[in-house]
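Shown next, in C-alpha cells, is the structure this report addresses.
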Ligand code: ARG
C-alpha cells in the first residue's frame with residue numbers, strides 16, 4: 001500500500017516491527033497544536049510572497065481548522081503508517097482540501113518543521129512552569145511571613161549549629177527558586193527562535209520571508225525584532241535548547257528534592273517540627289500508626305528521573321554529525337516527561353506548602369503546619385548559642401581563637417551536667433573567663449542570638465523582614 005510520503009522510490013513495504021520502531025506519532029502527536037500553528041504561519045507567508053495562491057491559503061486555513069477541531073474532539077484518526085504528527089496532519093489536509101494541501105510543504109522540510117514545533121511547544125510550557133515557580137515562591141513567602149520569630153536549629157553536617165528563623169530557612173528556598181525562574185526565562189529566549197526556512201539542511205530556493213513567519217509566531221525579542229536561527233545546518237540539527245531546558249528543570253527538581261528531604265526529616269518523630277496535610281501522606285498496610293511523607297519522597301525520587309532525561313539528551317546529541325539525523329526523534333519522550341514531571345511536582349508543592357485556596361472564602365487550608373515549640377526545644381538542645389558566647393568574649397577583648405577554646409570547655413561541662421549553657425549559673429561561667437558578666441544571658445537566649453546576626457542576608461528578624469518585603473514586591477500578583 002502506498003502509505004508513506006515518499007513511496008514512489010521504494011520497492012518493498014516496511015515490516016510492522018520496523019514501522020513501529022521508526023514511528024513517533026504515538027508520542028509526538030501532542031505537538032499537534034504547534035504543528036498547525038507553524039503550518040498556518042508558513043502558508044500565510046507563502047501566499048504573501050506569491051508562492052501559493054490566495055485560494056490555496058484559504059483552503060489550507062480551512063483544512064487545518066477542521067483538523068484542529070477533529071483532534072480536539074477526538075475524531076481525528078492517527079495512523080501509525082504515517083509515522084509522525086507532521087505527516088498525519090499533512091495527509092489529512094490533502095484529503096480535505098486536495099492540491100492546496102500538497103502545496104503546504106513548499107520550501108519546508110520536516111527537519112525545520114519539527115525543530116519549530118518543539119520550540120513553540122516548549123516555549124508555551126516554559127510560560128506555564130514560570131507561573132508555577134512564582135506560585136511556589138509565593139506559597140513559601142506566605143508561610144515565612146508567619147514565622148519570622150519562629151526559631152529552629154540551623155544545621156551544618158546535620159549537627160545543630162546556630163539558631164535561625166524559620167522564615168529565613170524558607171526564604172533560602174525562595175532564593176533558589178528565584179534563580180530557577182531567571183534561568184528558565186533565559187532558556188526561553190534561546191528557545192524562542194525560528195528554524196523554519198532552513199528546510200532540510202541548506203536553506204531553500206523559494207523567496208521565503210522568514211522574518212514574517214517569526215513575527216506571526218511571536219518569535220521576537222523584547223523590542224519586537226524577529227528572532228531567526230541564522231545557520232540552516234545548526235537550526236535543523238542542534239537540540240541544545242531542549243538540553244538546557246532539561247538542565248534548568250533538573251536544577252529545579254534538585255532544589256525541590258532538598259526541600260523534600262527536609263520536610264521528610266522534619267515530620268519524622270525524632271524532629272516533630274511539621275505536619276503535612278493528610279492528603280499528601282499515606283498510611284501503611286501493616287503499621288497502623290504510620291503517616292508516610294509519600295509526596296516529598298516521590299519528588300525526591302522523580303528528581304533522579306529528570307536528571308536521567310538530561311543525561312539521555314546529552315548522550316543523544318554527542319555523536320551526531322551535521323545536520324539532521326533521526327536520532328533527534330528520541331528527544332521528545334525525555335523532554336515531554338521532564339515537563340510533565342516538573343509541572344506536576346510544582347503544582348503539588350504549591351498546595352502542600354501554601355494550602356489550597358477556597359475560591360468562595362479566599363481561605364487557604366491544608367498547608368504546612370509548624371510546631372513552634374518542638375523547633376525551639378530542638379534549638380535549645382545542642383548548644384546552638386555557643387558561637388554567641390565566643391562572640392561575647394571577643395567583644396570583651398578576648399582573641400577569637402582563645403574564646404573558641406574557652407567556650408568549648410564550658411560546653412563540655414554543661415553537657416556533662418546535661419544542661420544548656422544558659423542554665424549554668426553566672427559564677428560557674430565566670431570560672432571559664434572573668435570577663436563574663438550577667439548580660440551574657442542575653443546573648444545565650446535564642447532571640448538574642450538571632451537578633452545579633454544582622455548583617456545583610458543574616459537571620460536577624462529585621463533582616464528577614466526586609467528580605468520578605470523584597471520578595472513580596474517581586475512576586476506581587478501571586
Ligand atoms: N519525527 C521526526 C522527528 O521527530 C520528524 C523529522 C523527520 N525528518 C526526517 N528527515 N526523517 O525528528
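Return the pair list, or none, for Cβ contacts closer than 9 Å from residues in the stretch 108-126 that are over 11 Å from residue 192 (Cα atoms) and without any contact (Cβ under 8 Å) to a residue 40 or more places away in the chain to residues that are assigned to a helix (DSSP H, G or I) and within 11 Å of the ligand (Cβ to nearest atom), at least 6 apart or on different chains.
If the second residue must be assigned to a helix (DSSP H, G or I) and within 11 Å of the ligand (Cβ to nearest atom), the pairs left are 110/86; 110/87.
Quick one: which helices (runs of 4 or more DSSP H) sit completely within the stretch 406-478 and have at least 3 residues that are surrounded by fewer than 17 Cβ atoms within 10 Å (Cβ to Cβ)?
426-432, 461-474
Taking the stretch 360-399 as the search range and keeping residues that are without any contact (Cβ under 8 Å) to a residue 12 or more places away in the chain and over 43 Å from the mean Cα position of the chain (by Cα), which one is farthest from residue 153 (Cα to Cα)?
Only one residue tops the list, namely 399.
List pairs: first in the stretch 330-347 and touching a residue at least 12 places away in the same chain (Cβ under 8 Å), second outside any helix (DSSP H, G or I) and within 13 Å of the ligand (Cβ to nearest atom), Cβ under 8 Å, 6+ apart or cross-chain?
Close Cβ pairs satisfying both conditions: 331/239; 332/24.
Which one of 114, 130 is surrounded by 23 or more Cβ atoms within 10 Å (Cβ to Cβ) and either within 11 Å of the ligand (Cβ to nearest atom) or within 32 Å of the chain's Cα centre (by Cα) (or both)?
So the residue among 114, 130 that is surrounded by 23 or more Cβ atoms within 10 Å (Cβ to Cβ) and either within 11 Å of the ligand (Cβ to nearest atom) or within 32 Å of the chain's Cα centre (by Cα) (or both) is 114.
Residue check: is residue 230 more than 28 Å from the chain's Cα centre (by Cα), buried (at least 19 other Cβ atoms within 10 Å of the Cβ) and in a loop (DSSP other than H, G, I, E, B)?
In short, no.
Among the residues of the stretch 392-405, what is the count of those that are surrounded by 18 or more Cβ atoms within 10 Å (Cβ to Cβ) and either outside the structural domain of residue 453 (by TED's automatic domain parsing) or closer than 21 Å to residue 164 by Cβ (or both)?
1
Out of 316, 335, 322, which single residue is in a loop (DSSP other than H, G, I, E, B), assigned by TED's automatic domain parsing to the domain that holds residue 141 and within 16 Å of the ligand (Cβ to nearest atom)?
That would be 322, the only listed residue that is in a loop (DSSP other than H, G, I, E, B), assigned by TED's automatic domain parsing to the domain that holds residue 141 and within 16 Å of the ligand (Cβ to nearest atom).
What's the total number of residues in the stretch 77-104 that are within 16 Å of the ligand (Cβ to nearest atom) and either over 36 Å from the mean Cα position of the chain (by Cα) or not in a loop (DSSP other than H, G, I, E, B) (or both)?
Count: 11.
Tell me yes or no: at least one residue of the stretch 201-214 is buried (at least 19 other Cβ atoms within 10 Å of the Cβ) and within 23 Å of the chain's Cα centre (by Cα).
For the stretch 201-214, residues buried (at least 19 other Cβ atoms within 10 Å of the Cβ) and within 23 Å of the chain's Cα centre (by Cα): absent.
For every residue, the table says whether it meets (1) closer than 22 Å to residue 77 by Cβ; (2) in contact with a helix residue (DSSP H, G or I) (Cβ under 7 Å, 6 or more places away or on another chain); (3) assigned to a helix (DSSP H, G or I); (4) at pLDDT 95 or above.
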{"position": "5", "(1), (2), (3), (4)": "yes, yes, no, no"}
{"position": "12", "(1), (2), (3), (4)": "no, no, no, no"}
{"position": "28", "(1), (2), (3), (4)": "yes, yes, yes, yes"}
{"position": "31", "(1), (2), (3), (4)": "yes, yes, yes, yes"}
{"position": "35", "(1), (2), (3), (4)": "yes, yes, yes, yes"}
{"position": "45", "(1), (2), (3), (4)": "no, yes, yes, yes"}
{"position": "50", "(1), (2), (3), (4)": "no, no, no, yes"}
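On the given criteria, is residue 376 within 30 Å of residue 149 (Cα to Cα), modelled with pLDDT of 95 or more and either in a helix (DSSP H, G or I) or away from the ligand (no atom under 16 Å from the Cβ) (or both)?
Taking the combined requirement at face value, the residue satisfies it.
The values are calculated or read from the model by the stated rules, or taken from the named source; none is laboratory data. Worth saying up front: this structure is predicted, and the values here are computed from it rather than measured. When we count neighbours, we look across all protein chains shown, and the Cβ atoms used for this are built from the backbone with ideal geometry, even at glycine.
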